[in-house]
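Participant: One structure follows; several queries about it will come next.
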Amino acid sequence: MNEELAPGAVAPYPYTGPRSLQAPIDAALRQVVDPEVALSIVDVGLVYAVTVTDKLVHVLMTMTSAACPVTDVIVGDVEAELDKAVPADFKIQVELTWEPSWDTARMSPRAKAFMGW
């Protein structure tokens, strides 16, 4: 699953921050798999936004439901993958939100095809 953002491509979520970190951050997030559906959290549409400010990477994301049993695993994987992708002096902050709630419209065409939709 080692996909990277193609030059000039736009991530399927808003990104604010240095251009030099966008592709490594996107690639790191694509390494995180939602174990319930065996797809990356980017393809599933769980990432709502990424903001990089002075020494902070903030990821706003959701789960497919508030009762998701693998929330801690996914958040831990996000933190671990981003830790490998950004300079060591950056702090990683993952914020979960339930508004707007996730729905299947957020899934990538690839994810929908994988699910047979």
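Participant: Using θ = phi - 60° and the Karplus relation 6.51 cos²θ - 1.76 cosθ + 1.60, list the HN-Hα couplings for segment 16-32 in order, rounded to whole Hz, with x at every Gly or Pro.
Facilitator: Residue by residue, segment 16-32 yields 10, x, x, 4, 5, 9, 4, 5, x, 5, 4, 4, 5, 5, 6, 7, 7 Hz.
Participant: Nearest 20 debye, what's the magnitude of the dipole of the chain about its Cα centre given +1 on Lys and Arg Cβ and -1 on Asp and Glu Cβ?
Facilitator: Once rounded to the nearest 20, the dipole reads 300 debye.
Participant: To continue, here is another question. PRE reach from VAL37 (point 7 Å along Cα→Cβ): which of segment 71-93 fall under 16 Å by backbone N?
Facilitator: Of the residues in segment 71-93, 71, 74-75 have backbone N under 16 Å from the label point off VAL37.
Participant: Run the numbers for ALA66 and LYS112: contour at 0.36 nm per residue of separation, minus the present Cα-Cα distance, in nm.
Facilitator: Value of the extension gain: 14.4 nm.
Participant: Same structure again: So how do 61-74, 41-54, 89-102 stack up, highest first, on mean other-Cβ count within 10 Å?
Facilitator: 41-54, 61-74, 89-102
Participant: Let me ask something additional. Setting aside same-chain residues fewer than 8 positions from LYS112, which aspartates and glutamates have a Cα under 14 Å from its Cα?
Facilitator: Result set, ordered by chain and number: ASP43, ASP103.
Participant: List the residues whose amide H sits under 5 Å from the amide H of ALA49, counting only those 5 or more places along or on another chain, with H placed 1.01 Å from N in the peptide plane.
Facilitator: For ALA49, the qualifying residues are LEU60.
Participant: Separate question: Using bins 5 angstrom wide from zero, how does P(r) for the chain break down, in % of all Cα pairs?
Facilitator: Distribution as computed: 2, 12, 24, 26, 21, 11, 4, 1, 0 percent.
Participant: A follow-up question, please. Give, in nm to one decimal, the length gained when the segment between ARG19 and LEU56 is fully stretched (0.36 nm per residue of separation minus the Cα-Cα distance).
Facilitator: 11.9 nm
Every read-out reported here was derived from the displayed coordinates using simple, explicitly stated rules and does not represent laboratory data. Everything quoted here is computed from the prediction, not taken from an experiment. Quick reminder, even Gly has a Cβ in these numbers, built from the backbone with ideal geometry, and neighbours come from all protein chains shown.
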